[in-house]
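Have a look at the structure below before the remarks.
The values are calculated or read from the model by the stated rules, or taken from the named source; none is laboratory data. Everything quoted here is computed from the prediction, not taken from an experiment. Using ideal geometry, Cβ is built from the backbone for each residue, glycine included, and neighbour counts are taken over all protein chains shown. Just the protein is used for accessible areas: all its heavy atoms, side chains included, with ligands, DNA and RNA removed. Shrake-Rupley method; radii C 1.70, N 1.55, O 1.52, S 1.80 Å.
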Amino acid sequence: MVAQYPGIPAELALRVYTSRLLGGDPSLVLHGGGNTSAKIPMPDIAGKSREILFIKGSGIDLAGIDPPGFAGVELEPLRRLAILDSLPDEEMENELQVHKISARSPDPSVEVLLHAFLPHRFIDHTHAEAILILTSQPDGMNILREVLGMKVAILPYSRPGLPLAKAGLREYEQNPELEALAVAGHGIFTFGEEARTAYEHMVAFVNKAETFIRRKTRGRKVGPVRPEVSARKKDAPFFARLTQMIRGAAAFRTEEGKLRRFYAEVRSTPELIHASALREAGDLCSSGVLTPDHAIRTKNKWVSFGEIPADGGRLLHQVGDLVQ
Ligand code: ZN
């Protein structure tokens, strides 16, 4: 990977390599989610040395990222922001734009300040499902503490930006031996002086969470499946009719009075068919998804029908409710 990018600092090439490893694992990162960074010394155009934070550009997919997918930002001006009590979004946006080292680079990820405040050279961040499953439990913070051990600080949820970055820095100052930060309802940050160390910490801690979940759910089956439900396979006229009904129910008028309709797509993977036949299907559909990344891929709230309404009346009503 280092040889593949001549002229690019070796640390950035390594940063690309482990970022792609993280991005290639959908249980860690969905398209566009998560972010990674590296702090690399790099002289400015007049030869003055300075430290640059390279962080994944907002909206870029880790799975296929290249060096231009990282935004380089001068580290020192970002670190100075730690003395502030608050930082409105527009001010932060401005700080990031004026301290970028290239006008052509993408916008830095919104989690840039936490990456800047922590001293570690390499930082990896994912919205790993196993971590989120645990933080979503009623006693999630304590469970996570028990599962991940003393080298992981557990933080309550706060919005990405200055508050989260300052909370992370405080945890590090209290315990410089930390290897990771887990944030309730958000995800996990792991770090190290080498790209490999940060990556290995990520894999190790997420594995711990996955093993715990497997142990706790062993022998417990989701379900049961309702026996009266059977999959309708390749019934094209049926799906065409149903899709049109749903599009009609979800149609709405803009403020200018224009009628707008959504596109509709039929997905019928074996997993979806199985989930739709569970007795818990209704609860699953209304419980919401784990992360904003999932919301982009799968959408957040679904309507569940025990059966397809014959006249479409109830379907129109429930779909209409959801669209409001
Ligand atoms: Zn995040």
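Within the set Glu129, Glu93, the sole residue that is within 16 Å of the ligand (Cβ to nearest atom), out of contact with any Lys or Arg (no Cβ under 7 Å at 6 or more places or on another chain), among the acidic types (Asp, Glu) and farther than 22 Å from Leu14 by Cα turns out to be Glu129. Tell me, which residue of the range 266-286 that is over 25 Å from Arg247 (Cβ atoms) and not charged (D, E, K, R) is modelled with the highest pLDDT? This residue is Leu278.
Would you call Lys100 open to solvent by 20 Å² or more (accessible area, probe 1.4 Å) and touching a strand residue (DSSP E or B) at 6+ places or on another chain (Cβ under 6 Å)? The answer is yes for Lys100. Does Pro176 satisfy the criteria of being under 23 Å from Leu53 (Cβ atoms), touching a residue at least 40 places away in the same chain (Cβ under 8 Å), surrounded by fewer than 20 Cβ atoms within 10 Å (Cβ to Cβ) and not charged (D, E, K, R)? Against the criterion (under 23 Å from Leu53 (Cβ atoms), touching a residue at least 40 places away in the same chain (Cβ under 8 Å), surrounded by fewer than 20 Cβ atoms within 10 Å (Cβ to Cβ) and not charged (D, E, K, R)), Pro176 does not qualify. Residues in the range 248-263 that are under 27 Å from Ala236 (Cβ atoms), in a loop (DSSP other than H, G, I, E, B) and open to solvent by less than 50 Å² (accessible area, probe 1.4 Å): 1 in all.
Residue count for the range 98-126 satisfying the condition of being more than 16 Å from the ligand (Cβ to nearest atom) and within 19 Å of the chain's Cα centre (by Cα): 2. Here Ala46 clears all of (1) part of a loop (DSSP other than H, G, I, E, B); (2) buried (at least 16 other Cβ atoms within 10 Å of the Cβ) except the condition numbered (2).
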